[in-house]
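S.K.: Sharing a structure below in C-alpha cells format, with a few things to ask.
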Amino acid sequence: MTSNASTDVVVIGSGFGGAIPAYHLAAGGARVVVLERGPWLSSEEFDHDFKLGSSYTRIFDFTVGDGMSVLGGNCVGGGSVVYFATMPRAPRFIFERQGSIGRRMWPAAITRATLDPWYDRVCESLPVTMQSWDKVPYAGGLFAAACAHAGRTANPVPSAVDVDKCTNCNWMMAGCRFDAKRSLLLNYLPAALAHGAEIRPLHEVQHLSRTDDGGYRVHYRIVDAEDYRILHDSGTIDAKIVIVAAGAGATPVILQRSEPTLGTMPTAVGRYFSGNGERLNTAVFDDDRVREVLGLSRPDGKGYDANQIGRGPTVATWDRLDPDLPEYERYSLEQLFFPLGLGTILAQVPDAQGPSWFGLAKKDMLRRWQSWLTLFTMSEDDNEGVFGPPPATGNADRISQQMLGRGPLRYRPTANTLRGWAAADADARDILERDGLARVMPWTNDVVGAYTVHPLSSCRIGDDPATSALDDRHELRQHPGIFVTDGSAVPGALTVNPALTIAALAERAVPGIVRAAQERGIDVTYHGSLPDGTVTAVPQVVLG
C-alpha cells in the first residue's frame, strides 16, 4: 500500500541534527514531520541485557564497510540515546585545519569564537555541566591517577548527565532507564511535539524527488518492528524544505540514491568521510600494582570492577591538544567504558605469542575482564572515506534481524592517519604501563577494519564547491531547499567527542533554514527560544 501526504518541512532523522531544527521550525509555526528509521522507546523500555530484541540490538546500527565500520543510533533521539553524553567543545585549532585539501576546511564564517554562542545555547538546553572529581567513578579516578603518575594532566569531562540521578549502572549505551542522561527524548523532541511536530518511527527514507511546484517529495518505506530486513508499505510526503539528518553513514546514501530523480549531486557527497580519527586500546591492570604504585583499591580488595560501575567517559587527558604540535599529531585520550560484546571480540592480548584476538591467550585475558580499562583515542585523520554505489534500500544490506548490516563505505587510512594512531598508541602505553600498572594493546582492525562511533564529514560544509557538498548555511549545493545538519556536515575530525559541535552547528543553521522556508512561502518565524520555553539572546549568524 502507498500513502501520500504533504507538509511544510520534512526532517529525516531525529538525532541532534534533526531534533534541533525540528523543534525551532515547529515552534516558529511550520508544519513539521520527522521521519526516523528506528523505533521509539521510552526510558522504561531500555533493557540492561544483550539479548536479541532488547533495546541494545533495536536502537543501534552497526554497519560494516570495506576497511571501516560505523556504530550509530537507530531510534527516535538518534545518537543521543546511545551516546555517553560527553560534551566538550572542539579545540580552537580544529577550525583552522587544512587536512588533505591544502586549504582551510571550515567555512570562513565559522571559527571557535563564532560558534561559542551556539555551544552556549546547547549547553543551556540539555544542560551540559562539568563533572567534579568527587563524582568521578573509580575507573576515571584510576586513569587520572595513572596520568598523574606519568607526569600528565587529566580532567573530568563536561557531560550531559545529571549525576545526582545517575546510578553508575554503566548501561548508558543501551539507553538510560533513569533519565539521568540528557538525551533528546527529554528536551528538543518533546518540545517539538508540544508545538505540533509529528514524529514517525520505523520510517526509512529511500530517496528524494522533485515536485512540480519546486518542492521535494520524500519517498519512504515502513520498517518491520522486529526484523529490520523486512520493509512494508511505501509512502511519500511532499515538502517545501527537506532537512537531511540521517547520520554521516546514511545521509550521503540517501542523496546518492536520489541523483536519478534530483539531478547531479555535488562531487563531495559521499566523499571525505572521517571516523574522527578514532581508535581504542584495552589495558589489563595488575590490581596489586595499582595498590602499590597508585595507592588505589576497592574496599573489598578486588579488581576495580570496570564493567560494573561507572557511566562511560568521565576523565580525559588533553595534553596533546596543543595548537603548536604538527597536524595529525594532536589527539585526546579518554577513559571509556565499552560494553561486553564487540569490545570483548576486538580486544587483543598484549604481546601475544600467536593469535592476538582469539585463542587460549585471549580466553585467559577474558578471565580478567574486571580489571580491563578501555582508552579511547580521537585524533586528526585524513578524511579518506568514500561511499560507493548505494544499496537497493536503506544505508546498508541488512545481514541480521537487527543492528548489523554491510554498507558501501570504503576506507584506507593514509600515512597521516596511521602516524596519529601510532603516536596515540605509544602514549597510551607510556601512561598505563609505567611501573607495571597494566599491559596495553590496541583493538584489532583485522575483523571489521577501523571503527568509529562518531562518523563525520560525508557531506561537509565549506567554501570550496569542489571539496564541500554544502555551503556555510548547510544548504546542499545545486539543490536549494535541501539542508544537511547532522554529523556529515562537520568538515573533519574534531579530536574530541563531536556531539556538542554537531548540535551547535545545527542551532546555528536554523535561522538560515527559517529564511529559506519563508522565501518558499512557509509561514514561519525564528524566535530563538530554548526547549524549556525561555528566550535568550540569539547570536548573529554571519554567512558567506
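S.K.: Among (1) more than 20 Å from the chain's Cα centre (by Cα); (2) open to solvent by less than 50 Å² (accessible area, probe 1.4 Å); (3) at pLDDT below 95, where does Phe84 come up short?
M.R.: (1)
S.K.: Here is a further query. Taking Val33 as meeting all but one of (1) in contact with a Lys or Arg (Cβ under 9 Å, 6 or more places away or on another chain); (2) modelled with pLDDT of 95 or more; (3) assigned to a loop (DSSP other than H, G, I, E, B); (4) surrounded by fewer than 23 Cβ atoms within 10 Å (Cβ to Cβ), write down the number of the exception.
M.R.: (3)
S.K.: Within segment 344-363, restricting attention to residues that are among the aliphatic types (A, V, I, L, M) and open to solvent by 40 Å² or more (accessible area, probe 1.4 Å), which residue is farthest from Leu432 (Cα to Cα)? Explain how you work it out, then say what you get.
M.R.: At the first step, the residues of segment 344-363 found to be among the aliphatic types (A, V, I, L, M) are 345-347, 349, 352, 360-361.
From what's left, open to solvent by 40 Å² or more (accessible area, probe 1.4 Å): 345, 360-361.
Numbers: Ile345: 22, Leu360: 24, Ala361: 21 Å.
Checking each candidate, the answer is Leu360.
S.K.: Let me ask another. Could you please find all residues in segment 400-416 being in contact (Cβ under 8 Å) with a residue 24 or more places away in the chain and of a type outside the set (S, T, N, Q)?
M.R.: Within segment 400-416, Met403, Leu404, Gly405, Arg406, Gly407, Pro408, Leu409, Arg410, Tyr411, Arg412, Pro413 meet the criteria.
S.K.: So, one more: Any chance you could count how many residues in segment 19-30 are part of a helix (DSSP H, G or I) and among the small types (Gly, Ala, Ser)? If you could, list the steps in order and put the result at the bottom.
M.R.: As a first pass, look at segment 19-30 and keep what is part of a helix (DSSP H, G or I): 19-27.
Filter once more, so that each one left must be among the small types (Gly, Ala, Ser): 19, 22, 26-27.
The qualifying residues number 4.
S.K.: If you don't mind, there's one more thing I want to ask. Is at least one residue of segment 455-464 closer than 21 Å to Phe60 by Cβ and either open to solvent by 10 Å² or more (accessible area, probe 1.4 Å) or touching an Asp or Glu at 6+ places or on another chain (Cβ under 7 Å) (or both)?
M.R.: Within segment 455-464, the subset closer than 21 Å to Phe60 by Cβ is 455-456, 458.
When the remaining residues are screened for being either open to solvent by 10 Å² or more (accessible area, probe 1.4 Å) or touching an Asp or Glu at 6+ places or on another chain (Cβ under 7 Å) (or both), the result is 455.
Yes, segment 455-464 contains a residue that is closer than 21 Å to Phe60 by Cβ and either open to solvent by 10 Å² or more (accessible area, probe 1.4 Å) or touching an Asp or Glu at 6+ places or on another chain (Cβ under 7 Å) (or both).
S.K.: While we're looking at this one, here's another question. So, in segment 470-515, how many residues would count as being touching a His at 6+ places or on another chain (Cβ under 6 Å) and either open to solvent by 10 Å² or more (accessible area, probe 1.4 Å) or in a loop (DSSP other than H, G, I, E, B) (or both)?
M.R.: Summing the residues that are touching a His at 6+ places or on another chain (Cβ under 6 Å) and either open to solvent by 10 Å² or more (accessible area, probe 1.4 Å) or in a loop (DSSP other than H, G, I, E, B) (or both) in segment 470-515 gives 2.
S.K.: While we're on this one: Six or more apart or on different chains, Cβ atoms under 7 Å: show the pairs whose first residue is in segment 164-182 and under 12 Å from Ser80 (Cα atoms) and assigned to a strand (DSSP E or B) and whose second is open to solvent by less than 60 Å² (accessible area, probe 1.4 Å) and of a type outside the set (Ser, Thr, Tyr).
M.R.: Lys181/Ala85; Lys181/Ala160; Lys181/Val161; Lys181/Met172
S.K.: Do you know which of the residues in segment 364-386 that are modelled with pLDDT under 90 and among the charged types (D, E, K, R) is surrounded by the most Cβ atoms within 10 Å (Cβ to Cβ)?
M.R.: Selected residue: Arg368.
S.K.: Also, I was wondering about something else. So, in segment 302-334, exactly how many residues are at pLDDT 95 or above and outside any loop (DSSP other than H, G, I, E, B)?
M.R.: 7
S.K.: Let me ask another. Pull up segment 47-68, narrow it to residues that are open to solvent by 10 Å² or more (accessible area, probe 1.4 Å) and in a loop (DSSP other than H, G, I, E, B), then point me to the one that is nearest to Asp224 (Cα to Cα).
M.R.: Gly53
S.K.: Listed residues Ala283, Ala250; which is under 26 Å from Ala22 (Cβ atoms), surrounded by 23 or more Cβ atoms within 10 Å (Cβ to Cβ) and of a type in the set (A, V, I, L, M)?
M.R.: Numbers: Ala283 fails: under 26 Å from Ala22 (Cβ atoms).
Going through Ala283, Ala250 in turn, just one is under 26 Å from Ala22 (Cβ atoms), surrounded by 23 or more Cβ atoms within 10 Å (Cβ to Cβ) and of a type in the set (A, V, I, L, M): Ala250.
S.K.: Which of the following residues is of a type in the set (D, E, K, R), in contact with a Gly (Cβ under 8 Å, 6 or more places away or on another chain) and under 28 Å from Val9 (Cβ atoms): Asp238, Asp224, Asp287, Asp233?
M.R.: Values: Asp224 fails: in contact with a Gly (Cβ under 8 Å, 6 or more places away or on another chain); Asp287 fails: under 28 Å from Val9 (Cβ atoms); Asp233 fails: in contact with a Gly (Cβ under 8 Å, 6 or more places away or on another chain).
The match here is Asp238.
S.K.: Sort out which residues of segment 405-418 are surrounded by fewer than 17 Cβ atoms within 10 Å (Cβ to Cβ) and either within 20 Å of the chain's Cα centre (by Cα) or not polar (S, T, N, Q) (or both), and write them in order of number. Before the answer, list the steps.
M.R.: Quick first cut of segment 405-418, residues surrounded by fewer than 17 Cβ atoms within 10 Å (Cβ to Cβ) only: 406, 410, 412, 414-415, 418.
Passing the criteria: Arg406, Arg410, Arg412, Ala415, Leu418.
S.K.: Which condition from (1) out of contact with any Lys or Arg (no Cβ under 7 Å at 6 or more places or on another chain); (2) within 21 Å of Leu409 (Cβ to Cβ); (3) assigned to a strand (DSSP E or B) is the one that Gln206 breaks?
M.R.: Every condition holds for Gln206 apart from (1).
S.K.: Kindly check whether there is at least one residue in segment 1-22 that is at pLDDT 95 or above, more than 19 Å from the chain's Cα centre (by Cα) and crowded, with 24+ Cβ neighbours inside 10 Å. Give the steps one after another, and end with the answer.
M.R.: The first filter runs over segment 1-22 and keeps only residues at pLDDT 95 or above, leaving 6-22.
The next check asks that each one be more than 19 Å from the chain's Cα centre (by Cα); those that pass are 6-10.
Next, from what is left, pick out any that are crowded, with 24+ Cβ neighbours inside 10 Å: 9-10.
Yes: one or more hits.
The values are calculated or read from the model by the stated rules, or taken from the named source; none is laboratory data. Just so it is clear, the model here is predicted, and its values are computed rather than measured. Cβ coordinates were reconstructed from backbone atoms using ideal geometry, including for glycine residues, and neighbour counts include every protein chain displayed. Ligands, DNA and RNA are stripped out before the accessible areas are found, and what is left, the full protein with its side chains, is counted by its heavy atoms. Shrake-Rupley method; radii C 1.70, N 1.55, O 1.52, S 1.80 Å.
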